[in-house]
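Have a look at the structure below, then the notes.
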Amino acid sequence: MYAYILRRLLMLIPVLFGVSVVIFFTLRIIPGDVAATILGTDATPEALAQLRKDFGLDLPIYEQYLQWMGGVMTGDFGESMRTGKEILPDISSRFAITFELTMLSAFISWIIAIPLGIIAGIKRNSKTDFGVRVVSLLGVSIPNFALATVLILVLALFFSYSPPVGYVGFFEDPITNLQILFLPALVLGTSMAGAVTRMTRSSILEILRLDFIRTIRAKGAKERVVIFQHALRNAMIPILTIIGMQIGVLLGGTVIIEQIFSLPGLGQLVLTGINQRDFTVVQGSVLFIAFVFVMINLIVDILYSYLDPRITYK
Amino acid sequence: MIKKGFKLTFIFALLASVLIACSGNKETSGDGKDTGGDNKQVEQVLKIANDQEPAGLDPHKTPAHSSVRIYSQVYSGLVRFDEKMEVVGDLATDWEQPDDKTYIFNLREGVKFHNGREMTAEDVKYSFERIKAEETASHIASYFANVESIEVLGDYQVKFNLGTPDATFLTNLTNSSAAVVAKEVVEENGDLQQVAVGTGPFKFKEWVPDNKVVLEKNEDYYEEGLPKLDEVVYYTMKDEAARMSAIRTGEVDLTTVNPKSASLLKKEKNIDVKDYQSLEYSYVGFNVEKEPLNNQKVRQALSLATNRKAIADVVWNGDAVVSGPVAPSMGDWAIDVTKHELYSNDIEKAKKLLDEAGYPDGFDITITTASTYPDMVDTAQILQQQWKEIGVNAEIKQIEWGEYIDTWLYTSADVLVGRNGSGTDPDRALQYFFHSKGSANVWGFSDAEYDKLVESGETMLDKGKRKEIYNEAQEKLIDQSPNLFLVSPMKYVAVRDSVQGFTPYPHNGEYILEVSKK
Amino acid sequence: MAKNLTAILKGRGTLNTVLDIKNLSIEVNTKKSKYNVVEGVNLSIGKKMKYGIVGESGSGKSLTSLAIMNLLPDVLKVSKGSITLNTEKSKELTKLSKREMQKIRGNEISMIFQEPMTALDPLYTIEHQLLEVLKFHTNYSKKEMRELGLDMLNKVGISRGKEIFKSYPHQLSGGMRQRVIIAMALICQPKLLIADEPTTALDVTIQAQILDLMNDLSETHDTSILMITHDLGVILETCERVAVLYAGQVMEETTVEQLFTNPSHPYTQGLLKSIRSLGDHKNTLYSIPGNVPTPAQYENMGCRFSSRCPHAMEICKSKEPSMYTVEKDHTSKCWLHEEEGVAYG
Amino acid sequence: MKEFFQRLVSDKVGLIGFIGILLVIIVAVLAPVIAPYSPDRMFTEHTLEGPSSQFLFGTDELGRDIFSRTVYGAQVSLQVGLIAVGIGATAGLIFGLISGYFQGKVDQVIMRVMDVFFAFPDILLALTIVAVLGPSLTNTMIAIGIVFTPVFTRLVRSAVMSVKENEYLTSAVAIGVQPVKIITRHITPNIMAPFIVQITLALSGAILTEAALSFLGLGVQPPDPSWGVMLNASRTYMEFAPWTILFPVSAIVLTILCFNLLGDSLRDLLDPKLKQ
């Protein structure tokens, strides 16, 4: 097992290296630089040149890359060109927010999706099944920024409710924190729920046809035991795969929701980074997200072996 | 497994109800505050929702409005504008002008930086030298290019020696970026982007990126009884819908909104919507070095084809005035452009001009604009429609802000839609943007006569004559049309009725010094 | 004739039977089609009796067993007839509620399925799956359950019980799994054990072991066995009585001895002929010509075997024969026996 | 194929999806006939007017007819979906076939590159690509196409690998059939089922991604009326003029719903494990 994990970790190196190369050089192709965006309409050529020099943008591009990579290897992600602040602490504090949002969204989607998927699976081709499928797909079909805006408006207009302003960390004030994150997580959870419902339904369908389910029934198990202890647990592997992929996608895909709900997450950091051509921030964040993404894949794979005794890694 | 699942669902449902219950409580306690506020001291905390995150806090380096609105509360300058846009003392109590090229400022005594040290003439000297230093790369360096030296005459007296007489000097000093900073803070931190230690009414407390900036009351502020607020919190809320919702429910006290939102908020009984005519105007910039826009007649034709009134009506809900190169809110300095021939929206004449210029069938062109600002995108779309009438087929390219700035800087677009702040002195609007050596003249516009005109305007100290010079410059500029000047919009600030004493000014839309909460 | 009938009924008397199936029909019911896949099946399984149902795949033998367990797939349902279980009290299984039926499954009637490889939940240990049955039906303490479980494993010939407890199904061989499944089926000491092709998927050597095991255990536990198989050999080895199923109907019903010595129905004769030809290593294997009709064809085809029957007569194609008594304890559903026998059912 | 359609028709969910998509396609094709006005025509006297007989769905902030824009929007959004998915699916098919068929080093290289792209979050990748190429309809489609490539590649590759295990292929290889023929004759038809399902689902994904890019101002350029663009522009006026968001949002939701319904149903139909 450990050997397997180690091998998987080693395999991450080329992928992360690839990500670093792609993001570094892509950013340099995008027109515009940080100096110009800082100085805006008040830029003078001298000021621009000065700023570029400060940021090391006057060096040959491969040298810039080596410098950056050299830093990253030693755990130094560099400093933001925009603020001059060290990047890594910023990334990790923002990651915490995005991660919490992601997990909360995932959690909400499970609460919605797994029961629905089970019901649809048990009652295949019934009206209930039909209804569940349509409703769950409806969630996926609404662009989440539209859903978010409608939700904000409706809550404010008809319920005089808006989430508290100003993000507060979970450990500072858990209740306020959850109030702030609830709506965005609900929006993201709704859009995630469709795929999970679908996967749950088809896995349950598939499992319920298997012989061992008949054995369990023949043993006199209550339907509840059949579904939840046996069918659901067996269906969890494909469901987990979907969930793992979604968590990965969400980590980088919360940009829009973070912006709408004013959450200082990683997505916003990257987006502002791109808009301001704050290369170091974008490079660092994307590399970090890619790292977390591949780690989540690894964790999901490892979880498989806990869920399913047949899967062992050597 | 199942039991766990149910438990979680249960806990979750519980949690959701608690959350809603909690927020409910808060609502009611808030109401209580409103009604029974007399016997209880109201928390003097002003919550402001901003649409943009501050880019940085260094007043000398950061021109972004999102930054200015914050650091202008932390720093003071030598002088400032009063509500009538007259220059009055701030850190300087008064000043004298031994000759046209010399200013001596007498400083207020006993003013302390937020770190407790007293502010002296040395700090003034240091600050302006920092602005002028090349490595600072300050965006207002050019404002003070004319300053040859600064002399400390005493702890509370400082002298500025100018190279030429400069009519804009005092106005330039009112700029929030012309702030007096403390040397030791700069040296300690490298720059002032993340810290702010000034002499202004509010002290910088913390900045949580993409979340909020907190300022607290400067107890030692030199004006008696001010500021009235204990704390100001600027929340970054980029989404208009979120800001609307927050001001409606009282989560924030003050926010800027667009005209349509303003008209909705006007109906709310707990919210006042204040408006003011901004110093900004929208424009269409031409690359005057490239065909066909190098032809003055083409530019004039486009000006004639442009219905500015329609832009004001559609993009700004009617709350914008047609503008020339100097925004109408600059009062006397602005000429009345509405009667100008090129503002007459005469399609026939436009077609004739195009014909004369050799484009009887029009031409194809790309209008570039920033996706960040819906008003610019809408303006571009209207122009596209209006120009179609004279056979000019435009395609729209909207780009995000980083690329937009780059495009602007290197004039890599033929036609650029944007918005300019015309500043507080016509010199900025006319020289800075259109002198052939003006820092912001990216259009390739060059006219020797015009250059001479605005140069003389800068040194002309007689206000009447100066006005004449600038009137002529404006006429000339419109005639040449290196840019089409479109409209100057109203700005809207929505305020909860618990906020007292808030009045926005064109030169200071978020003047909160005298604000208090009830 | 009437006398004969009473005698037969007495022999099959309800008093001494564990399970009585009367006139059982199972129908497929979808929006598109509706037809019987099993029709008019009558069976009586006596106490401690080992009863066999033999038939080709598609003959409805497995469906009959699933109907007893009330585990028919959604599209199928019992449309006619009754299934009565006689334990302490007589229970009409087709009329029981879900809950009541759950109490019977695994407790009073157990079932062993064909595929030991897939009949166990891959995610749970043997211990969990074995003791689960006790959990469903008894109130034993955990310790007692473990003891019972280990004891039961011992009885099915697994000596390393504690080790096996911790194993997962995929770690066991097919034979081991089938033993575990038998242990699961017998742990609550059911009155009836239904074994649906319990040995088909196993190696020949193991097959015999498993069959012996079932025989022994049914005797020590006083359990009746309903053996469902396509293999007459298995029937011969384990059963006392047998019903031959073809196309959803019982064609012949008698003791095993009589079936082998005096097969009456042409279908049974064909079956026997084909296995004998297999045993004799003659040059050509005998197989019954033609194909089994599909359920959709059942209607109006007279005798369902008529299309393949070497003795088919005119009447066979137009009219369905009844069950005729051929001799004592021996009935056959064939027009050939109309003269000699007594019709019933 | 005929049997397949019969089954599709028998599944109500899939049928609804199929008919819905057909309707959208018809609307898109007949847009010039159906729409009463040009989608860019501005009635500046009629900005943000509610639905009326003149403007069936009302007008937007620039006085354009929302009905006409929604109808033309079908054209733009479908185009984005089809071409983007076309790019992703074709690239994925090629890479996946090569990778799965030849395996070895080629496979290693292709899959590592796909891993790299896979490790980028979708939106960020699309955003970066559009930022590099410059925003335009074409570039939006290219960006979304690139984003989808790894998914298709993986899908095709694993399908090819499993088909390759089959005996008939081993024998085809043994009798010396050319690789290209094996791919086109034997492998391609066998991977069609999962491929078609993925395409249906990717189509809805593409339309949503375009909408998300439009939210960030990087999607289709104005005045072209993609539903994403309309949706984003109308967010500001949602309260002031709810019809500006109602109609494009309904269009986008219903279309994507139909794609998803069809995909969902196809998945059920084509999944051998779920056959009845």
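The values are calculated or read from the model by the stated rules, or taken from the named source; none is laboratory data. Nothing here was measured: the structure is a model prediction, and the numbers come from that model. Cβ: placed from backbone, ideal geometry, glycine included. Neighbour counts: every protein chain shown.
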Within the stretch B:141-169, which residues are hydroxyl-bearing (Ser, Thr, Tyr) and in contact (Cβ under 8 Å) with a residue 60 or more places away in the chain? B:SER142, B:THR164, B:THR168
When residues of the stretch B:410-425 are limited to those that are more than 13 Å from the chain's Cα centre (by Cα) and at pLDDT below 85, the one surrounded by the most Cβ atoms within 10 Å (Cβ to Cβ): B:ASP425
Name the residue, out of B:LEU477, B:LEU461, that is touching a residue at least 40 places away in the same chain (Cβ under 8 Å) and surrounded by 21 or more Cβ atoms within 10 Å (Cβ to Cβ). B:LEU477
Of those in the stretch C:312-335 that are touching a Pro at 6+ places or on another chain (Cβ under 9 Å) and at pLDDT 85 or above, the residue nearest to C:VAL38 (Cα to Cα) is C:LYS333
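Residue by residue, here is whether (1) within 26 Å of C:GLY174 (Cα to Cα); (2) surrounded by 15 or more Cβ atoms within 10 Å (Cβ to Cβ) holds:
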residue: C:LEU71; (1), (2): yes, yes
residue: C:LEU76; (1), (2): no, yes
residue: C:LYS80; (1), (2): no, yes
residue: C:GLU88; (1), (2): no, no
residue: C:GLU92; (1), (2): no, no
residue: C:MET101; (1), (2): no, yes
residue: C:MET111; (1), (2): yes, yes
residue: C:ALA119; (1), (2): yes, yes
residue: C:LYS142; (1), (2): no, no
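Can you tell which of B:ASN189, B:ASN218 is more than 21 Å from the chain's Cα centre (by Cα) and within 14 Å of chain A (Cβ to nearest Cβ)?
The conditions single out B:ASN189.
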In the stretch B:379-425, the residues that are facing another protein chain (nearest Cβ under 10 Å), part of a loop (DSSP other than H, G, I, E, B) and not polar (S, T, N, Q): B:GLU400, B:TYR410
For the stretch A:232-268, how many residues meet the condition of being within 7 Å of another protein chain (Cβ to nearest Cβ) and either without any contact (Cβ under 8 Å) to a residue 40 or more places away in the chain or assigned to a helix (DSSP H, G or I) (or both)? 12
Being polar (S, T, N, Q) and out of contact with any Phe, Trp or Tyr (no Cβ under 7 Å at 6 or more places or on another chain) is the filter here; which residues of the stretch B:236-253 pass it? B:THR236, B:SER245
Is it the case that A:ALA148 is within 14 Å of chain D (Cβ to nearest Cβ) and at pLDDT 85 or above? yes
Give the residue, chosen from D:LEU125, D:LEU62, D:LEU82, that is closer than 25 Å to B:ILE311 by Cβ and either over 17 Å from the mean Cα position of the chain (by Cα) or not β-branched (Val, Ile, Thr) (or both). D:LEU62
B:THR372, sole failed condition from (1) outside any helix (DSSP H, G or I); (2) under 24 Å from D:ASP224 (Cβ atoms); (3) at pLDDT 90 or above: (3)
In the set B:ALA16, B:ALA55, which member is modelled with pLDDT under 80 and in a helix (DSSP H, G or I)? B:ALA16
Being under 24 Å from D:PHE195 (Cα atoms) and either in contact (Cβ under 8 Å) with a residue 60 or more places away in the chain or within 14 Å of chain B (Cβ to nearest Cβ) (or both) is the filter here, so list the residues in the stretch D:215-264 that pass it. D:ILE252, D:LEU254, D:THR255, D:LEU257, D:CYS258, D:PHE259, D:ASN260, D:LEU261, D:LEU262, D:GLY263, D:ASP264
Selection count where residues are at pLDDT below 85, crowded, with 23+ Cβ neighbours inside 10 Å and not hydrophobic (A, V, I, L, M, F, W, C), scope the stretch C:180-213: 2
When every residue in the stretch B:357-373 that is touching a residue at least 40 places away in the same chain (Cβ under 8 Å) and either among the β-branched types (Val, Ile, Thr) or within 17 Å of B:ALA312 (Cβ to Cβ) (or both) is compared, the one farthest from the other protein chains (Cβ to nearest Cβ) is B:ILE365
Which count do you get for residues in the stretch B:253-292 that are in contact with a Pro (Cβ under 9 Å, 6 or more places away or on another chain) and closer than 19 Å to B:ALA380 by Cα? 9
One residue from A:SER109, A:SER160, A:SER136, A:SER105 being at the interface with another protein chain (Cβ under 10 Å from one of its Cβ atoms), touching a residue at least 12 places away in the same chain (Cβ under 8 Å) and small (Gly, Ala, Ser): A:SER136
Among the residues of the stretch A:287-307, are any of a type in the set (A, V, I, L, M), facing another protein chain (nearest Cβ under 8 Å) and within 29 Å of A:ASP129 (Cβ to Cβ)? yes
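Among the residues in the stretch B:232-243, are any in a loop (DSSP other than H, G, I, E, B), within 14 Å of chain A (Cβ to nearest Cβ) and of a type outside the set (D, E, K, R)?
Checked the stretch B:232-243: at least one residue is in a loop (DSSP other than H, G, I, E, B), within 14 Å of chain A (Cβ to nearest Cβ) and of a type outside the set (D, E, K, R).
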If a residue must be β-branched (Val, Ile, Thr) and within 14 Å of chain B (Cβ to nearest Cβ), how many such residues does the stretch D:39-75 contain? 3
Taking the stretch B:303-356 as the region of interest, how many residues are under 24 Å from the mean Cα position of the chain (by Cα), in contact (Cβ under 8 Å) with a residue 60 or more places away in the chain and part of a loop (DSSP other than H, G, I, E, B)? 10
Which residue is surrounded by the fewest Cβ atoms within 10 Å (Cβ to Cβ), if the candidates are limited to the stretch D:120-169 and must be over 26 Å from A:GLU258 (Cα atoms) and among the small types (Gly, Ala, Ser)? D:SER162
Residue by residue through the stretch B:98-155, note down the ones that are part of a loop (DSSP other than H, G, I, E, B), of a type in the set (D, E, K, R) and farther than 15 Å from B:SER76 by Cβ. B:ASP99, B:ASP100, B:LYS101, B:ASP155
Report yes if some residue within the stretch A:64-85 is within 14 Å of chain B (Cβ to nearest Cβ), on the phi > 0 side of the Ramachandran plot and out of contact with any strand residue (DSSP E or B) (no Cβ under 9 Å at 6 or more places or on another chain); otherwise report no. yes
Go over the candidates C:GLN207, C:GLN129 one by one and state the one that is assigned to a helix (DSSP H, G or I), under 28 Å from C:ALA67 (Cα atoms) and away from chain A (no Cβ under 14 Å). C:GLN207
Taking the condition of being within 27 Å of B:LYS61 (Cβ to Cβ) and in a loop (DSSP other than H, G, I, E, B), how many residues in the stretch A:61-85 meet it? 9
At pLDDT below 85, surrounded by fewer than 22 Cβ atoms within 10 Å (Cβ to Cβ) and either assigned to a strand (DSSP E or B) or charged (D, E, K, R) (or both) - does that describe any residue in the stretch B:487-498? no
